[in-house]
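Before any comments, here is the structure.
The values are calculated or read from the model by the stated rules, or taken from the named source; none is laboratory data. The structure presented is a predicted model; accordingly, all values stated were derived computationally and were not measured. Because the Cβ atoms are built from the backbone with ideal geometry, glycine has one as well, and the counts that use them run over all protein chains shown. Heavy atoms of the whole protein, side chains included, go into the accessibility calculation; ligands, DNA and RNA do not. Shrake-Rupley method; radii C 1.70, N 1.55, O 1.52, S 1.80 Å.
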Amino acid sequence: MSTIAENITALRRSLPPDVTLVAVSKYHPDPDLMEAYNAGQRVFGENLVQEMRQKQADLPDDIQWHFIGHLQTNKVKYIAPYVALIHSVDSLRLLREIDRQAAKNDRIIDVLLQIHVAAEETKFGFTPHECLDMLAGGEWRQCDHVRICGLMGMATNTDDEQRIRQDFTTLRNLFQELKEGVFAESSAFAIRSYGMSHDYPLAIEEGANMVRVGTRIFGERVYNT
Ligand SMILES: *Cc1c(COP(=O)(O)O)cnc(C)c1O
């Protein structure tokens, strides 16, 4: 079996230079993260507030913590002081709360809008239509302590390559539409975060420039803790 260091080194070598790797370390213990860290990885993704807080306190200060899970408004305050990027903004209400907590911490927080493109109903996020509506509403412009840096999404969980490609294409097209429209003046609007362990090569072919990979680096997660 290959080690975490070997996995991450091979993965990083295989990615085009303009693609950022988020090492999704949720449910994995600190020593596993340190192995990736010592292999040069600095960007880690977590999906539980409590777990990310603990790891942030324990691990080196130069780690960039990305929050990738569903975020409840009442928990934003716990990650606002240090989070590098929140991938999972799925409502105007959440955006406003991030803005409020960022202001309290005297910083600007980078975020992505999470877009629901998968066939599963359980996934969070704006539909493309809801996203366009929210942005057209213009209220988000008052949130001057958040910077909307792009889109995040997940493809349908399927072996059907066509369907996965189609989901990624939907994300790519929406990104392009916004880049030429609402965000035409924003150089920060540049991130396309899609692709996970089983579908990141397809995601990159379909325009992703940030991939979130867990299992392929750290192995299977054990949830019964
Ligand atoms: C867990 C998770 C990933 C990584 O999944 P793997 O299949 O382990 O690579 C990526 N994105 C999100 C939002 C996740 O929750």
### Task
Provide the three semi-axes, in whole Å and in decreasing order, of the ellipsoid equivalent to the range 1-65 as defined by the square roots of 5 times the Cα gyration tensor eigenvalues.
20, 13, 10
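At 222 nm, what helix-only mean residue ellipticity would the chain give, in deg cm²/dmol to the nearest 500, using -39500 (n - 2.57) for each DSSP H run of four or more?
-11000 deg cm²/dmol
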### Message
What would the Debye equation give as log₁₀ I(q)/I(0) for the chain at q = 0.08, 0.09, 0.13 Å⁻¹, counting only Cα atoms as equal point scatterers?
### Response
-0.27, -0.35, -0.75
## Note on the structure
Probe 1.4 Å, heavy atoms of protein chains only: per residue, the accessible area of the range 107-174 in Å² is 50
### Task
Grab the beta carbon distance between S2 and A119, set R0 = 30 Å, and tell me the FRET efficiency rounded to 0.05.
0.35
### Summary
Expressed as a percent, the accessible surface of the range 102-225 that is carbon or sulfur, using a 1.4 Å probe and the full set of protein chains, is 46
### Task
Give the Cα extents of the range 148-210 along the principal axes, in whole Å, largest first.
38, 17, 16
### Task
Filter the cross-link list K26/K77; K26/K104; K55/K123 down to pairs whose alpha-carbon distance in this structure exceeds 24 Å.
K26/K104; K55/K123
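In Å³ and rounded to a whole number, note down the convex hull volume per residue for the Cα atoms of the range 1-118. The partial results should precede the final answer.
On the way: hull volume 15.3 nm³, N = 118.
So the per-residue Cα hull volume is 130 Å³.
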